[in-house]
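So the structure is just underneath, and the comments pick up after that.
The values are calculated or read from the model by the stated rules, or taken from the named source; none is laboratory data. It should be emphasised that the depicted structure is a prediction, and the values quoted were computed from it without experimental measurement. Heads up, the Cβs are rebuilt from the backbone with ideal geometry, glycines too, and the neighbour counts pull from every protein chain shown. Side chains are part of the model used for accessible areas, which takes the heavy atoms of the whole protein and leaves out ligands, DNA and RNA. Shrake-Rupley method; radii C 1.70, N 1.55, O 1.52, S 1.80 Å.
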Amino acid sequence: MQFTTIPHPSPTPDADREAAIVDPGFGTVFTDHMVTIDYDEAKGGWHSAQIGPREPIALDPAASVLHYAQEIFEGMKAFAHEDGGLAMFRPEANAARFNASARRMSMPEIPEELFLEAVQLAVKTDAKWMPSTEGGSLYIRPFMFASEAFLGVRPAKQYKFVVILVSSGSYFKGGVNPVKIWVSQDYVRAAPGGTGAAKTGGNYAASLVPQAEAIEKGCDQVVFLDAVEKKWVEELGGMNLFFVRKDGSVITPPLTGTILPGITRDSLIAMLREEGLDVREEPYSIQQWREEAESGELLETLACGTAAVVTPVGTVASPSGEFTIGTGGIGQMANKMREKLVGVQNGRVEDKHGWVMRV
Ligand SMILES: *Cc1c(COP(=O)(O)O)cnc(C)c1O
């Protein structure tokens, strides 16, 4: 598809941009441009692809996303390589997952090549926003929502696909900190047959109350149990989990429809297997977690996702008390996996799996 370029009338002055990307943190330093592509069933599907200034989007107050929440998104990153080039990590996997989310939410799929072209164009156009600081990246947020003005309940016939970027600092500024997590008793993230495997905004909306409860209990994040038995550990609000054991096995909860299929999760499975570990996708219970942490069988618990890469879980808290994993500090495998993954992403470690796509 041909992208129309709308020139930016007033791009951010170089000095302002340079000041903004010195220490961008996460989520507020937006770049100058955005990609938009419209979908209209009556016009035969995707049309009007363009890159232009990042600006507010006009929406009819009856736009179905505002009422029935047909919305999906992705989260991915571009990295600077030492040769001055830019690279993305497994963007095809994000494109495929975006379409899996679209199917679950009765939204149109976008051809994977078009998704990749849109993301590449956004990154190329705003490459100057890549932070020069160690560990920085351009965080890429592709999303799609129902824009049709219609209050009946059915899948919309018009959608908008958008790509925006944020300049992001290192997640580990000041070092890696083990997280303390709260086991939610009263809330679940996803139920069988629900939307837990789709990257859709509603899952996040539903996680805010339990997340606030976690903070109130002095924790950093919430961990969700399965909705049926409240027994099996599923994932955090936005990160998947791995349990690293003394006997050389590593367990991660299986993708049975209630867990988001993380691309970091998938990459870690491959990398842990390369270490000779026996990685198993099996249910792991909260009781097992406590017992194995207390007996010393469990060496580490890793939380993983695009934003925080690999983060150690130090302590787990619930109304029935707390337990600590290992020393409560940063385990060997967490460090090794994080360094290797970050190394592949920024081109310093050999990319054996073809995960890196140059922009
Ligand atoms: C995005 C997300 C993850 C992590 O996926 P990555 O592809 O590794 O970034 C995990 N859990 C939830 C609920 C998510 O939305």
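Looking at (1) modelled with pLDDT under 95; (2) not in a loop (DSSP other than H, G, I, E, B), which one does M34 not meet, given that it meets all the others?
(1)
Which members of the range 17-32 meet the condition of being farther than 21 Å from A308 by Cβ and either open to solvent by 30 Å² or more (accessible area, probe 1.4 Å) or among the hydroxyl-bearing types (S, T, Y) (or both)?
Start the filter on the range 17-32 by keeping residues that are farther than 21 Å from A308 by Cβ, which leaves 17-20, 22, 31-32.
Listed by number, the residues that qualify are E18, A19, A20, V22, T31.
With loosely packed, with under 14 Cβ neighbours inside 10 Å, closer than 27 Å to Q185 by Cα and not charged (D, E, K, R) as the only criterion, which of S320, S285 stands out? Lay out the reasoning, then the answer.
Numbers: S285 fails: loosely packed, with under 14 Cβ neighbours inside 10 Å.
Going through S320, S285 in turn, the sole match is S320.
Name the single residue that is nearest to the ligand (Cβ to nearest atom) among those in the range 196-214 being under 13 Å from F73 (Cβ atoms) and open to solvent by 30 Å² or more (accessible area, probe 1.4 Å). Walk me through how you get there before you give the answer.
Restricting attention to the range 196-214, the residues satisfying the condition of being under 13 Å from F73 (Cβ atoms) are 198-205.
Subsequent filtering for residues that are open to solvent by 30 Å² or more (accessible area, probe 1.4 Å) retains 202, 204-205.
Values: G202: 11, Y204: 7, A205: 12 Å.
Here the answer is Y204.
What do you reckon, is R358 basic (K, R) and buried (at least 17 other Cβ atoms within 10 Å of the Cβ)? Please lay out each step first, then the result.
Working: basic (K, R): yes; buried (at least 17 other Cβ atoms within 10 Å of the Cβ): no.
Spelling it out, it is not the case that R358 is basic (K, R) and buried (at least 17 other Cβ atoms within 10 Å of the Cβ).
Of all residues in the range 142-164, count the ones that are open to solvent by less than 30 Å² (accessible area, probe 1.4 Å) and either aromatic (F, W, Y) or within 16 Å of the ligand (Cβ to nearest atom) (or both).
5
Mind checking which residues of the range 322-356 are closer than 21 Å to I286 by Cα, touching a helix residue (DSSP H, G or I) at 6+ places or on another chain (Cβ under 9 Å) and modelled with pLDDT of 95 or more?
Selection gives F323, T324, I325.
Restricting attention to the range 74-84, does a residue exist that is in contact with a helix residue (DSSP H, G or I) (Cβ under 6 Å, 6 or more places away or on another chain), within 16 Å of the ligand (Cβ to nearest atom), open to solvent by less than 20 Å² (accessible area, probe 1.4 Å) and part of a loop (DSSP other than H, G, I, E, B)?
Scanning the range 74-84 turns up at least one residue that is in contact with a helix residue (DSSP H, G or I) (Cβ under 6 Å, 6 or more places away or on another chain), within 16 Å of the ligand (Cβ to nearest atom), open to solvent by less than 20 Å² (accessible area, probe 1.4 Å) and part of a loop (DSSP other than H, G, I, E, B).
Taking interchain pairs and intrachain pairs at least six residues apart, which have beta carbon atoms under 6 angstrom, with the first residue in the range 162-173 and more than 17 Å from I51 (Cβ to Cβ) and the second acidic (D, E)?
Cβ pairs passing all conditions: G169/D23.
Please indicate, with yes or no, whether at least one residue in the range 303-324 is touching a residue at least 60 places away in the same chain (Cβ under 8 Å) and farther than 26 Å from A214 by Cβ.
Taking the range 303-324 as the starting set, the residues that turn out to be touching a residue at least 60 places away in the same chain (Cβ under 8 Å) are 303-309, 311-319.
If we keep only those that are farther than 26 Å from A214 by Cβ as well, we get none.
Looking for residues that are touching a residue at least 60 places away in the same chain (Cβ under 8 Å) and farther than 26 Å from A214 by Cβ, one finds none in the range 303-324, hence no.
Does R103 qualify as being free of Cβ contacts under 8 Å to residues at least 12 places away in the same chain and part of a loop (DSSP other than H, G, I, E, B)?
When the stated conditions are applied, R103 does not pass them.
Looking only at the range 314-359, how many residues end up being touching a Lys or Arg at 6+ places or on another chain (Cβ under 7 Å) and in a strand (DSSP E or B)?
First, pick out the residues of the range 314-359 that are touching a Lys or Arg at 6+ places or on another chain (Cβ under 7 Å): 314-315, 317, 323, 349, 355, 359.
Checking the rest, the ones that are also in a strand (DSSP E or B) come to 314-315, 317, 323.
Adding up the residues that qualify gives 4.
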